[in-house]
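Report on one structure; see the data block that follows.
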Amino acid sequence: MGTLFVSALVPPRIASATDESAPDVTAVDASAAVLQWTASSEVARIQILRNGRLLEDLSFTGGSTLSYTDHLLWQSTTYIYEVIAFDAAGQIVSDQTASLTTPGQTGAFPTLYDPASFWNQPIAATADIDPNSAAMVSASLAGYSGSANFANSNDWGRPLAYANTVSTTYVLGCTVYDCGTSVSFRIPRYAMPAIGSDHHLTVLDPSTNSEVDMWLAGYDAGAGSWTAGSRYVTASNGWGAECAPGQYCQGAVAAGFAALGGVARPEEIAQGHIDHALSFATPYTRAGYIACPATHTDGTMDDPAAIPEGGRIQLDPSFDVDVQLWPPWEKVIARALQTYGAYLGDSGGSLAIVAEPNLDRGYDSWSLAGVPATAPSLADLPWSSLRVLQLQPC
């Protein structure tokens with residue numbers, strides 16, 4: 001494998017050789033915008049930038065019209081877009097800009113996966129608690145509470161990028177798991193995997209309602225190729241796991257979940273509520289036991305007091321979150337744990353709630369949401385007041 005990511009260099013600007021029209025950019029909603037632009041006949045390649053950050057570097061046919069949707073924007077924020085056009089010799093023939101201010105967010109930030117997905121179901125008031133809940137909470141949660149954290153850092157968060165219909169399609173190389181299956185997917189030029197040892201990356205393609213989930217993802221800039229230890233394509237509007245309920249399969253996440261399942265996003269903290277279950281990791285995971293809806297496990301502990309992957313935890317709904325002297329973002333997480341709970345998706349080096357990092361956004365979205373951007377502590381959550389809901393072996 002090559003390097004994880006090497007930024008493409010934008011050539012020095014030269015005077016425009018043709019009189020191109022400026023791009024037209026309009027907001028889709030608070031987090032996305034569409035850029036449209038028509039190329040002159042000399043154009044052979046274009047670069048698309050937002051606030052000076054390279055989004056795409058593409059071969060492009062002269063005379064064609066570009067329609068490019070940019071995602072991961074922040075509400076009520078002004079962005080400058082730039083389209084640099086090159087001829088077949090690599091000379092700049094046009095360099096045009098346009099600006100846009102996104103509107104404020106209206107309504108709830110959309111959730112991923114089908115509304116009937118297990119990720120999007122609140123916990124029933126009558127939900128049963130597992131008979132071994134107290135032992136599992138003590139061994140797998142409370143015992144690690146001192147280092148509990150919100151995993152939103154560029155090291156351990158789950159990065160997200162969005163493909164466009166013009167994004168380059170790559171045949172994704174494979175080095176570890178399920179390499180017999182050929183996988184091709186569009187990936188934007190700006191996409192970067194997490195910089196920690198797991199190198200997770202998910203790319204969503206809204207045009208096909210699909211996502212590719214990668215583990216040990218890496219981009220070789222010299223070869224212009226992507227490789228991953230494992231890579232799986234699943235429906236971004238589907239069930240929320242890599243295979244159907246009751247089946248066994250691996251995934252970029254050890255439990256076989258879709259990699260964005262349960263991932264907290266900054267817009268959700270900013271709006272004051274998370275409308276889906278969360279995903280968490282702990283060092284103390286049970287070996288040889290897969291709890292529905294998980295489809296796989298990397299659990300290591302031969303101990304019934306270890307929570308199995310797929311297990312769902314819930315903060316006691318009677319616990320009074322409002323009176324706690326916590327920052328607002330932490331209360332949002334606590335209420336989500338009461339209403340939707342969290343599924344154990346992976347073994348980890350610490351007890352952590354999984355979140356999207358800033359990595360593929362190009363700006364500090366977590367600070368805008370009022371959250372520190374590097375694994376803020378969750379040690380003061382009442383981990384001993386959580387419970388494990390009734391386990392169902394798969």
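Just a few scattered comments:
- Failed item in (1) more than 18 Å from Asp360 (Cβ to Cβ); (2) in a loop (DSSP other than H, G, I, E, B), with Leu72 passing the rest: (1)
- Subset of the stretch 34-69 (residues that are assigned to a loop (DSSP other than H, G, I, E, B) and of a type in the set (Gly, Ala, Ser)): Ala39, Ser40, Ser41, Ala44, Gly52, Gly62, Gly63, Ser64
- Hits in the stretch 289-321 (condition: assigned to a loop (DSSP other than H, G, I, E, B) and hydroxyl-bearing (Ser, Thr, Tyr)): Thr295, Thr297, Thr300, Ser318
- Scanning the stretch 278-296 for residues that are open to solvent by 10 Å² or more (accessible area, probe 1.4 Å) and within 16 Å of the chain's Cα centre (by Cα) yields one hit, Ala281.
- Counting only strands (runs of 3 or more DSSP E) that sit wholly inside the stretch 203-265, those with at least 3 residues that are among the hydroxyl-bearing types (Ser, Thr, Tyr) are 230-235.
- Test: residue in the stretch 219-227 that is out of contact with any Lys or Arg (no Cβ under 8 Å at 6 or more places or on another chain), open to solvent by less than 30 Å² (accessible area, probe 1.4 Å) and closer than 23 Å to Trp383 by Cβ: no
- Given (1) open to solvent by less than 10 Å² (accessible area, probe 1.4 Å); (2) closer than 26 Å to Val212 by Cα, index of the condition Ile307 fails: (2)
- Qualifying position, being touching a Phe, Trp or Tyr at 6+ places or on another chain (Cβ under 9 Å), within 26 Å of Thr102 (Cα to Cα) and either modelled with pLDDT of 95 or more or open to solvent by 10 Å² or more (accessible area, probe 1.4 Å) (or both), among Asp213, Asp198, Asp275: Asp275
- Test: Gly299 is buried (at least 22 other Cβ atoms within 10 Å of the Cβ), out of contact with any Leu (no Cβ under 6 Å at 6 or more places or on another chain) and within 19 Å of Ala254 (Cβ to Cβ): yes
- Out of Ala342, Ala355, Ala334, Ala306, sole residue that is under 25 Å from Ala241 (Cα atoms), in contact (Cβ under 8 Å) with a residue 12 or more places away in the chain and more than 22 Å from the chain's Cα centre (by Cα): Ala306
- Given (1) touching a Phe, Trp or Tyr at 6+ places or on another chain (Cβ under 9 Å); (2) more than 27 Å from Asp380 (Cβ to Cβ); (3) hydroxyl-bearing (Ser, Thr, Tyr), number of the condition Tyr248 does not satisfy: (1)
- Test: residue in the stretch 337-352 that is open to solvent by less than 40 Å² (accessible area, probe 1.4 Å), part of a strand (DSSP E or B) and under 19 Å from Ala373 (Cβ atoms): yes
The values are calculated or read from the model by the stated rules, or taken from the named source; none is laboratory data. This structure is a prediction, so every number in the text was calculated from the model and none was measured. FYI the Cβ positions are ideal-geometry reconstructions off the backbone, even for glycines, and counts take in every protein chain you see. The accessibility values were calculated without ligands, DNA or RNA, using every heavy atom of the protein model including side chains. Shrake-Rupley method; radii C 1.70, N 1.55, O 1.52, S 1.80 Å.
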